[in-house]
Amino acid sequence: MIFFDSASTTPLHPEVLKTYTHILGKYYANSDSLYDLGTSVSNLMEQSREIIAKMLHVKDSEILFTSGASESNSLLIKGIALAYQTRGKHIITSTVEHSSVMGAFSQLASVFGFDVTYVPVNQRGIVEPEELKKALRKDTILVSIMAVNNEVGSMNDLVTLSKIVKENSRAFFHSDCTQILGKHPFDLSVLDCASFSAHKIHGCKGSGFLYKKENISLIPLINGGQQEQGLRGGTSNHPANIVLAKTVRIALESLQDHLEHVQKLNHLLRNELLKMEDIVINSDESASAYILNLSCTCMTSEILLNALNERGICVSAKSTCHSKTKEASEVLLAMGFDQKRASQAIRVSFSESNTPEEVYEFVKNLKEIMNEYRIK
Ligand code: PMP
């Protein structure tokens, strides 16, 4: 099998699995219990929070454990909007965000009467600073722009965008950092808040965290519990939260080596694809090396995806969180590609464990599938 779908998820790192299993078996107490077994669980969880905060150069109190990036996005976006609505009801995001960001924005508009501006992206899938500047208003309270797009890998210039937000408004600047953590270096200090997921970096599914500057208030989605500063009620998923520090540490330690390896795979695949007829590449050369989006101009995404699957090759069309809808990729449409090309797109996404041999094998299978399809 060839697994070219690491933007969707990754297997657990063996060290994470070992520690997770150990904690799951031994430390079963509720982290809020006041006896020793409970406090030892709570201490381990707080140590994990401290380590994550230190690695990201922020305060412990600025890290909130969640069930992943979808929850972090939802908690942050709705939490800020509802907490600061007396300041203004204008919020901004881009046209190519993950469905959890899009869902939060559309709910704020339809249920709570917020005014949403969707800033466009250019042909490379990037938000132009000038477009963001034009969209900012006196009553803008939140801007949410993703770091790396999960379908095409386009990378926003968060430093410049943050500067624009700060110079032209009182809005908070949030970024969905799911596809950048452990993959590319980035500077959290330019953001007010950011969302992260563990399972994209060989951590547990249903695990992640939200970074939020200390002075920012949120209205919680799940209230009534004291956990996570009262911002996320419910018994903590402490085994996942405890191994998150190790997950992030391993990912950050090997970031440079892994990036160089994946860059080689990306160049190799790009060069092979450029030689092929009926293949067009949708990811710009400036995109993250981890993601390469392409369209096969002789068949739809669905047909190609199924044919690759029959040959043991796992890739995605669009984001996995949107994989069950039949529509063409909204991200490619927003980048200005036509309906046909957007409905023929597939996403190849790498991890450090992929090899050049797998790239050649993928290309060989792609050529065979296209030849068979043309004969039919
Ligand atoms: N944002 C982006 C950019 C993603 O790629 C994903 C994963 N598909 C998410 C958010 C959601 O992450 P999670 O699965 O942890 O909820």
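The values are calculated or read from the model by the stated rules, or taken from the named source; none is laboratory data. Owing to the predicted nature of the structure, the values given are computational and were not obtained by experimental measurement. Counting neighbours? That spans all protein chains shown, and the Cβs are built from the backbone with ideal geometry, glycine included. Ligands, DNA and RNA are excluded from the accessible area calculation, which covers all protein heavy atoms including side chains. Shrake-Rupley method; radii C 1.70, N 1.55, O 1.52, S 1.80 Å.
Please check which bits of segment 192-232 a label hung off Lys166 would reach, taking the label as a point 7 Å along Cα-to-C-beta and the cut-off as backbone N under 17 Å.
192-194, 212-216
With r as the distance between the Cβ atoms of Asp157 and Glu46 and R0 = 30 Å, compute the FRET efficiency 1/(1 + (r/R0)^6) and round to 0.05. It would help to have the intermediate numbers written out before the result.
Details: r = 35 Å, r/R0 = 1.16.
E(calc), rounded to 0.05, equals 0.30.
If you roll a 1.4 Å probe over the chain with all protein chains in place, what percent of the accessible area is carbon or sulfur?
Values: 8570 of 16340 Å².
Result for the chain: 52 percent of the exposed heavy-atom area is carbon or sulfur.
Stretched out fully, how many nm does the piece from Gln263 to His57 gain, at 0.36 nm a residue minus the Cα gap? Intermediate results must be reported in sequence, preceding the final value.
Details: separation 206, 0.36 × 206 = 74.16 nm, distance 2.70 nm.
So the extension gain works out to 71.5 nm.
Taking the Cβ-Cβ separation of Lys340 and Glu310 as r and a Förster radius of 35 Å, what is the calculated FRET efficiency to the nearest 0.05?
On the way: r = 24 Å, r/R0 = 0.68.
Efficiency computed from Cβ-Cβ geometry: 0.90.
To make sure I understand the rule: partners must be aspartates and glutamates, Cα under 13 Å from the Cα of Lys205, and not fewer than 8 residues away in the same chain. Which ones qualify?
Glu71
Any idea what the alpha-carbon Rg over 2.2 N^0.38 Å comes to for segment 67-159?
This ratio for segment 67-159 stands at 1.04.
Compute the Rg/Rh shape ratio of the chain: radius of gyration over Kirkwood radius, all on alpha-carbon atoms.
0.98
What would the Debye equation give as log₁₀ I(q)/I(0) for segment 1-108 at q = 0.12, 0.15 Å⁻¹, counting only Cα atoms as equal point scatterers?
Listed by q, the Debye log ratios stand at -0.68, -0.96.
Loop sites only, by DSSP: take the chymotrypsin sites (Phe, Trp or Tyr not before Pro) in the chain that have at most 13 other C-beta atoms within 10 Å and name the longest stretch containing none of them.
Values: sites that count: Tyr28, Tyr35.
Formally, the longest exposed-site-free interval is 36-376.
Name the aspartates and glutamates eligible as straight-distance cross-link partners of Lys59: C-alpha to C-alpha under 18 Å, and not fewer than 8 places from it in the same chain.
Within reach: Glu46, Glu50, Asp187, Asp192, Glu214, Glu228.
Per residue, what accessible area does segment 14-253 have, given a 1.4 Å probe and all protein chains present, in Å²?
On the way: 9750 Å² over 240 residues.
Value for segment 14-253: 41 Å² per residue.
Here are some pairs, Lys54/Lys138; Lys78/Lys133; Lys318/Lys376; which of them have Cα atoms lying more than 30 Å apart in this structure? Intermediate values should be presented prior to the final figure.
Working: Lys54/Lys138 35 Å; Lys78/Lys133 23 Å; Lys318/Lys376 26 Å.
The answer is Lys54/Lys138.
What distance in nm separates the two pseudo spin-label positions at Thr9 and Arg270, each 7 Å out from Cα along the beta-carbon direction?
3.0
Where q = 0.14, 0.15, 0.26, 0.27 Å⁻¹, what log10 of I(q)/I(0) comes from the Debye formula for segment 93-145, counting one point per Cα?
-0.36, -0.41, -1.10, -1.15
Suppose every K and R has +1 on its Cβ and every D and E has -1 on its Cβ; what is the size of the dipole of the chain about the Cα centre, in Debye to the nearest 20?
On the way: 38 positive and 42 negative charges, 121 e Å.
Rounded to the nearest 20 debye, it is 580 debye.
For helix 238-253, what angle does its Cα long axis make with the longest principal axis of the chain, in degrees from 0 to 90 and rounded to 10?
Approximately 50 degrees, to the nearest 10.
So for the pair Lys18, Glu372, with labels modelled 7 Å out along Cα→Cβ, what separation do we get in nm?
4.2
Kindly provide the Kirkwood hydrodynamic radius of segment 240-376 in Å, to one decimal, from all pairs of distinct alpha carbon atoms.
On the way: mean 1/r = 0.0621 Å⁻¹.
Final number for the Kirkwood radius of segment 240-376 is 16.1 Å.
I need to check one value: relative contact order of the chain, counting alpha carbon pairs closer than 8 Å and at least 6 residues apart, in percent. Working shown, then result.
On the way: 720 pairs, mean separation 83.3, N = 376.
Here the relative contact order equals 22 percent.
Mind ranking Asp36, Asp278 by accessible surface for me, highest first, 1.4 Å probe? Before the final figure, lay out the partial values.
On the way: Asp36 125, Asp278 50 Å².
From most accessible down to least: Asp36, Asp278.
Say R0 is 22 Å: what FRET efficiency, to the nearest 0.05, do Leu82 and Asn30 get from their beta-carbon distance?
On the way: r = 29 Å, r/R0 = 1.32.
According to the calculation, E is roughly 0.15.
Once the Cα atoms of helix 255-274 and of the chain are each reduced to a long axis, what angle between those two axes, in degrees from 0 to 90 to the nearest 10, is obtained?
Helix 255-274 and the main axis of the chain meet at about 30 degrees.
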